[in-house]
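Please read the structure below before turning to the comments.
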Amino acid sequence: MIRRLAASLLLLFPGWAALAQQAAPATKLTYVGSQVCGMCHEDIGKAFASSPHEAVDKGDKHGFAGNACEACHGPGSKHVETLSAADIRNPAKIVPAELDRTCLTCHRNQPTSAGRLQASHARNAISCIACHSVHGPQALVVRKAAAMNALCESCHFDIKASFAQPFRHRVPENAMTCVDCHNPHGSFKPGLMQTAGANEPGCFNCHGDKRGPFTFEHAPVREEGCQSCHEAHGSANAKMLIRQEVMLVCLECHANLPTLPNSMPAVTGVVPPAFHDLRSPRFRNCTICHQKIHGSYVDSNLLR
(Lines give C-alpha, C1' and ligand atoms only; values in the text may rest on other atoms or scores of the structure.)
Protein backbone atom coordinates (compact mmCIF):
# COMPACT_ATOMS: atom_id res chain seq x y z
CA MET A 1 0.00 0.00 0.00
CA ILE A 2 2.77 2.44 0.96
CA ARG A 3 4.78 1.54 -2.17
CA ARG A 4 1.78 2.14 -4.43
CA LEU A 5 1.19 5.50 -2.73
CA ALA A 6 4.84 6.52 -3.23
CA ALA A 7 4.68 5.48 -6.89
CA SER A 8 1.53 7.55 -7.36
CA LEU A 9 3.19 10.59 -5.81
CA LEU A 10 6.13 10.24 -8.18
CA LEU A 11 3.75 10.15 -11.16
CA LEU A 12 1.80 13.17 -9.95
CA PHE A 13 4.85 15.18 -8.75
CA PRO A 14 7.99 14.27 -10.76
CA GLY A 15 10.14 16.76 -8.82
CA TRP A 16 9.14 15.33 -5.45
CA ALA A 17 12.10 12.93 -5.30
CA ALA A 18 14.65 15.70 -5.86
CA LEU A 19 13.01 17.85 -3.22
CA ALA A 20 12.98 14.98 -0.78
CA GLN A 21 16.65 14.33 -1.41
CA GLN A 22 17.51 17.99 -0.76
CA ALA A 23 15.47 17.97 2.43
CA ALA A 24 17.22 14.86 3.73
CA PRO A 25 19.84 15.60 6.41
CA ALA A 26 23.35 15.83 5.00
CA THR A 27 25.91 13.30 6.10
CA LYS A 28 28.20 14.79 8.74
CA LEU A 29 31.69 15.29 7.38
CA THR A 30 34.49 13.75 9.43
CA TYR A 31 38.28 13.85 9.53
CA VAL A 32 40.13 10.99 7.87
CA GLY A 33 43.68 11.83 9.01
CA SER A 34 46.86 13.00 7.33
CA GLN A 35 48.02 9.46 6.59
CA VAL A 36 44.99 8.85 4.39
CA CYS A 37 45.70 12.11 2.52
CA GLY A 38 49.30 11.05 1.98
CA MET A 39 48.25 7.84 0.25
CA CYS A 40 47.21 9.82 -2.85
CA HIS A 41 49.16 13.07 -2.35
CA GLU A 42 52.47 11.35 -1.72
CA ASP A 43 54.74 14.15 -2.99
CA ILE A 44 52.93 16.77 -0.91
CA GLY A 45 53.02 14.48 2.12
CA LYS A 46 56.79 14.10 1.89
CA ALA A 47 57.31 17.85 1.50
CA PHE A 48 54.94 18.51 4.40
CA ALA A 49 56.98 16.21 6.64
CA SER A 50 59.89 18.67 6.47
CA SER A 51 57.69 21.75 6.88
CA PRO A 52 57.22 23.69 10.13
CA HIS A 53 53.52 22.93 9.78
CA GLU A 54 54.26 19.31 10.64
CA ALA A 55 54.13 20.45 14.27
CA VAL A 56 50.38 20.81 13.83
CA ASP A 57 50.19 17.11 12.95
CA LYS A 58 52.50 15.94 15.73
CA GLY A 59 51.22 18.09 18.58
CA ASP A 60 47.79 18.94 19.91
CA LYS A 61 48.30 22.64 20.60
CA HIS A 62 45.69 23.68 18.02
CA GLY A 63 43.46 20.62 18.21
CA PHE A 64 44.43 19.09 14.86
CA ALA A 65 46.78 16.29 15.94
CA GLY A 66 46.97 13.76 13.13
CA ASN A 67 44.72 15.94 10.96
CA ALA A 68 47.07 18.72 9.84
CA CYS A 69 45.95 18.53 6.20
CA GLU A 70 42.32 18.95 7.16
CA ALA A 71 43.14 21.86 9.44
CA CYS A 72 43.35 23.94 6.25
CA HIS A 73 41.40 21.85 3.73
CA GLY A 74 38.48 20.91 5.98
CA PRO A 75 37.11 17.41 6.76
CA GLY A 76 37.99 15.01 3.95
CA SER A 77 35.54 12.13 4.39
CA LYS A 78 33.40 13.04 1.37
CA HIS A 79 36.46 13.75 -0.79
CA VAL A 80 37.82 10.28 0.02
CA GLU A 81 34.56 8.72 -1.13
CA THR A 82 34.08 10.68 -4.35
CA LEU A 83 37.69 11.66 -5.16
CA SER A 84 36.20 14.90 -6.51
CA ALA A 85 38.11 18.16 -6.07
CA ALA A 86 34.76 19.88 -5.52
CA ASP A 87 34.32 17.99 -2.24
CA ILE A 88 37.37 19.41 -0.49
CA ARG A 89 38.36 22.98 0.33
CA ASN A 90 41.20 24.34 -1.81
CA PRO A 91 42.75 27.37 -0.06
CA ALA A 92 44.26 28.53 -3.36
CA LYS A 93 40.76 29.00 -4.81
CA ILE A 94 38.89 30.64 -1.96
CA VAL A 95 38.60 34.39 -1.41
CA PRO A 96 41.49 35.97 0.54
CA ALA A 97 39.29 36.99 3.48
CA GLU A 98 38.21 33.39 4.03
CA LEU A 99 41.79 32.18 3.61
CA ASP A 100 42.92 34.70 6.22
CA ARG A 101 40.40 33.27 8.67
CA THR A 102 41.72 29.78 7.96
CA CYS A 103 45.33 30.77 8.65
CA LEU A 104 44.45 32.88 11.68
CA THR A 105 42.77 29.87 13.26
CA CYS A 106 46.28 28.96 14.43
CA HIS A 107 48.21 32.18 13.87
CA ARG A 108 45.92 34.54 15.75
CA ASN A 109 47.36 36.61 18.62
CA GLN A 110 50.95 36.20 17.48
CA PRO A 111 53.36 39.16 17.20
CA THR A 112 53.93 38.52 13.49
CA SER A 113 50.25 38.90 12.60
CA ALA A 114 49.53 41.96 14.76
CA GLY A 115 47.59 44.48 12.73
CA ARG A 116 46.85 42.02 9.91
CA LEU A 117 43.23 43.12 9.51
CA GLN A 118 44.17 46.82 9.38
CA ALA A 119 47.10 46.32 7.03
CA SER A 120 47.13 47.23 3.36
CA HIS A 121 47.93 43.67 2.32
CA ALA A 122 44.63 42.49 3.81
CA ARG A 123 42.66 45.45 2.44
CA ASN A 124 44.07 44.82 -1.03
CA ALA A 125 43.10 41.13 -0.86
CA ILE A 126 46.68 39.83 -0.75
CA SER A 127 46.31 36.41 0.87
CA CYS A 128 48.85 34.58 3.00
CA ILE A 129 49.76 32.08 0.29
CA ALA A 130 50.76 34.92 -2.04
CA CYS A 131 54.01 35.01 -0.05
CA HIS A 132 54.07 31.69 1.82
CA SER A 133 54.33 28.20 0.36
CA VAL A 134 52.46 25.96 2.80
CA HIS A 135 53.49 22.52 1.55
CA GLY A 136 55.38 23.15 -1.67
CA PRO A 137 58.94 22.06 -2.39
CA GLN A 138 60.26 25.53 -1.52
CA ALA A 139 60.62 26.91 1.99
CA LEU A 140 57.60 28.15 3.92
CA VAL A 141 59.28 31.54 4.33
CA VAL A 142 62.19 32.75 2.22
CA ARG A 143 65.13 33.72 4.41
CA LYS A 144 67.89 34.89 2.09
CA ALA A 145 67.99 38.61 1.40
CA ALA A 146 68.00 38.26 -2.38
CA ALA A 147 64.98 35.94 -2.42
CA MET A 148 63.10 38.08 0.09
CA ASN A 149 63.63 41.29 -1.87
CA ALA A 150 62.71 39.59 -5.15
CA LEU A 151 59.44 38.39 -3.59
CA CYS A 152 58.45 41.92 -2.54
CA GLU A 153 59.55 43.42 -5.85
CA SER A 154 57.33 41.00 -7.77
CA CYS A 155 54.39 43.23 -6.74
CA HIS A 156 55.95 46.58 -5.79
CA PHE A 157 57.38 47.60 -9.17
CA ASP A 158 57.34 51.33 -8.37
CA ILE A 159 59.41 50.82 -5.23
CA LYS A 160 61.86 48.64 -7.13
CA ALA A 161 62.34 51.48 -9.63
CA SER A 162 63.06 53.98 -6.85
CA PHE A 163 66.08 51.91 -5.80
CA ALA A 164 67.65 52.63 -9.20
CA GLN A 165 68.26 56.24 -8.11
CA PRO A 166 71.77 57.33 -7.13
CA PHE A 167 71.08 57.82 -3.40
CA ARG A 168 69.26 54.91 -1.82
CA HIS A 169 69.25 52.29 0.86
CA ARG A 170 71.37 49.28 -0.05
CA VAL A 171 68.51 46.97 -0.98
CA PRO A 172 69.69 46.21 -4.56
CA GLU A 173 73.00 44.98 -3.12
CA ASN A 174 71.01 42.74 -0.72
CA ALA A 175 72.81 44.37 2.21
CA MET A 176 69.36 44.84 3.74
CA THR A 177 65.85 43.61 3.05
CA CYS A 178 62.39 45.12 2.79
CA VAL A 179 61.34 43.54 6.09
CA ASP A 180 64.10 45.43 7.91
CA CYS A 181 61.80 48.45 7.63
CA HIS A 182 58.37 46.94 6.91
CA ASN A 183 56.27 44.30 8.65
CA PRO A 184 54.50 42.44 5.82
CA HIS A 185 51.97 40.90 8.21
CA GLY A 186 50.72 44.27 9.34
CA SER A 187 51.56 47.21 11.52
CA PHE A 188 49.64 49.89 13.32
CA LYS A 189 51.88 52.48 11.68
CA PRO A 190 51.37 53.72 8.09
CA GLY A 191 53.22 51.87 5.36
CA LEU A 192 53.50 48.69 7.43
CA MET A 193 56.47 50.32 9.16
CA GLN A 194 58.52 48.47 11.74
CA THR A 195 59.01 50.16 15.08
CA ALA A 196 61.99 50.73 17.36
CA GLY A 197 61.67 50.82 21.11
CA ALA A 198 57.98 49.80 20.96
CA ASN A 199 56.53 52.93 19.33
CA GLU A 200 59.28 54.92 17.63
CA PRO A 201 60.10 54.90 13.89
CA GLY A 202 61.92 51.81 12.71
CA CYS A 203 64.64 54.02 11.20
CA PHE A 204 66.16 54.25 14.68
CA ASN A 205 67.01 50.55 14.60
CA CYS A 206 69.95 51.53 12.38
CA HIS A 207 70.22 55.30 12.89
CA GLY A 208 70.38 55.18 16.65
CA ASP A 209 72.39 58.40 16.92
CA LYS A 210 69.34 60.35 15.70
CA ARG A 211 67.03 58.81 18.27
CA GLY A 212 67.43 60.98 21.35
CA PRO A 213 65.65 61.74 23.58
CA PHE A 214 66.80 65.31 23.08
CA THR A 215 66.31 68.25 25.40
CA PHE A 216 65.38 70.36 22.38
CA GLU A 217 63.63 68.34 19.70
CA HIS A 218 63.03 69.18 16.08
CA ALA A 219 59.26 68.84 15.86
CA PRO A 220 59.01 67.07 12.46
CA VAL A 221 61.31 64.29 13.65
CA ARG A 222 59.04 63.53 16.57
CA GLU A 223 55.64 64.18 14.98
CA GLU A 224 56.00 63.29 11.29
CA GLY A 225 59.03 61.04 11.22
CA CYS A 226 62.05 60.86 8.99
CA GLN A 227 59.95 60.91 5.80
CA SER A 228 59.20 64.61 6.32
CA CYS A 229 62.72 65.34 5.01
CA HIS A 230 63.98 62.09 3.46
CA GLU A 231 62.83 59.77 0.69
CA ALA A 232 62.85 56.37 2.34
CA HIS A 233 63.56 54.18 -0.69
CA GLY A 234 65.71 56.29 -2.96
CA SER A 235 66.27 59.83 -4.17
CA ALA A 236 68.11 61.81 -6.82
CA ASN A 237 69.26 64.14 -4.05
CA ALA A 238 72.17 63.70 -1.66
CA LYS A 239 71.31 62.25 1.75
CA MET A 240 68.05 61.02 0.19
CA LEU A 241 66.43 64.43 0.73
CA ILE A 242 63.04 65.31 -0.74
CA ARG A 243 64.49 68.47 -2.40
CA GLN A 244 67.71 69.07 -4.29
CA GLU A 245 68.97 71.70 -1.80
CA VAL A 246 68.99 71.66 1.99
CA MET A 247 67.54 75.18 2.02
CA LEU A 248 64.49 74.07 0.03
CA VAL A 249 63.84 71.23 2.46
CA CYS A 250 63.87 73.66 5.39
CA LEU A 251 61.60 76.09 3.54
CA GLU A 252 58.92 73.40 3.35
CA CYS A 253 58.11 74.49 6.91
CA HIS A 254 60.09 77.66 7.54
CA ALA A 255 59.05 79.73 4.52
CA ASN A 256 57.05 82.25 6.57
CA LEU A 257 59.23 82.91 9.58
CA PRO A 258 57.98 86.10 11.23
CA THR A 259 60.15 89.15 11.78
CA LEU A 260 60.38 90.60 15.25
CA PRO A 261 58.86 94.09 15.60
CA ASN A 262 61.12 97.04 16.42
CA SER A 263 64.28 95.13 15.62
CA MET A 264 66.75 96.35 13.03
CA PRO A 265 67.86 94.14 11.51
CA ALA A 266 65.22 91.52 12.34
CA VAL A 267 66.73 88.47 13.95
CA THR A 268 64.39 86.02 12.25
CA GLY A 269 62.41 85.80 9.06
CA VAL A 270 63.34 85.04 5.48
CA VAL A 271 61.86 88.09 3.77
CA PRO A 272 64.37 90.92 3.18
CA PRO A 273 65.66 92.78 5.08
CA ALA A 274 65.35 89.98 7.61
CA PHE A 275 68.42 88.42 9.15
CA HIS A 276 67.98 85.19 7.14
CA ASP A 277 68.26 87.04 3.84
CA LEU A 278 68.13 84.28 1.26
CA ARG A 279 69.66 86.57 -1.33
CA SER A 280 72.96 86.02 0.45
CA PRO A 281 74.72 82.71 -0.30
CA ARG A 282 75.72 82.24 3.32
CA PHE A 283 72.05 81.73 4.30
CA ARG A 284 71.32 79.16 1.61
CA ASN A 285 72.69 76.19 3.54
CA CYS A 286 70.85 76.10 6.84
CA THR A 287 72.92 73.27 8.32
CA ILE A 288 76.08 75.40 8.38
CA CYS A 289 74.67 77.03 11.52
CA HIS A 290 71.87 74.68 12.55
CA GLN A 291 74.02 71.59 12.74
CA LYS A 292 71.88 69.51 15.10
CA ILE A 293 68.75 69.43 12.95
CA HIS A 294 67.60 66.10 14.40
CA GLY A 295 67.69 67.46 17.95
CA SER A 296 70.03 69.07 20.44
CA TYR A 297 70.89 68.56 24.07
CA VAL A 298 72.05 72.12 24.71
CA ASP A 299 70.64 74.64 22.21
CA SER A 300 66.98 75.46 21.48
CA ASN A 301 67.90 76.76 18.02
CA LEU A 302 69.65 73.48 17.19
CA LEU A 303 72.92 75.34 16.59
CA ARG A 304 75.07 72.85 18.49
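For the reader, a short list of remarks on this structure follows.
- Qualifying residue in region 141-151 (condition: crowded, with 16+ Cβ neighbours inside 10 Å and either in contact with a Gly (Cβ under 8 Å, 6 or more places away or on another chain) or charged (D, E, K, R) (or both)): no
- Note on region 71-83: among residues that are part of a helix (DSSP H, G or I) and either modelled with pLDDT under 90 or not charged (D, E, K, R) (or both), the one that is surrounded by the most Cβ atoms within 10 Å (Cβ to Cβ) is His79.
- Of the set (1) part of a helix (DSSP H, G or I); (2) modelled with pLDDT of 90 or more, all apply to Val32 but (1).
- Residue pairs meeting the criteria (Cβ under 9 Å; at least 6 apart or on separate chains; first assigned by TED's automatic domain parsing to the domain that holds Leu192, in region 150-165; second aromatic (Phe, Trp, Tyr) and open to solvent by less than 80 Å² (accessible area, probe 1.4 Å)): Glu153/Phe163
- Number of the condition not met by Met264 [criteria: (1) modelled with pLDDT under 75; (2) closer than 30 Å to Cys128 by Cβ]: (2)
- Filter pass, Asp43 being of a type outside the set (Gly, Ala, Ser), closer than 20 Å to Ser133 by Cα and surrounded by 14 or more Cβ atoms within 10 Å (Cβ to Cβ): no
- Looking only at region 155-164, residues that are in a loop (DSSP other than H, G, I, E, B) and open to solvent by 60 Å² or more (accessible area, probe 1.4 Å) come to 3 in all.
- Residue check for Gly197: over 30 Å from His53 (Cβ atoms), out of contact with any Asp or Glu (no Cβ under 8 Å at 6 or more places or on another chain) and open to solvent by less than 60 Å² (accessible area, probe 1.4 Å): yes
- In region 178-229, of all residues being outside any helix (DSSP H, G or I) and among the polar types (S, T, N, Q), the one that is farthest from His121 (Cα to Cα) corresponds to Thr215.
- Positions within region 268-303 being of a type in the set (Val, Ile, Thr), over 30 Å from Asp209 (Cα atoms) and either modelled with pLDDT of 65 or more or out of contact with any Leu (no Cβ under 6 Å at 6 or more places or on another chain) (or both), in sequence order: Val271
The values are calculated or read from the model by the stated rules, or taken from the named source; none is laboratory data. Predicted, not measured: the structure shown is a model, and the values here were computed from it. When we count neighbours, we look across all protein chains shown, and the Cβ atoms used for this are built from the backbone with ideal geometry, even at glycine. Protein only, heavy atoms only, side chains kept; ligands, DNA and RNA dropped before computing areas. Shrake-Rupley method; radii C 1.70, N 1.55, O 1.52, S 1.80 Å.
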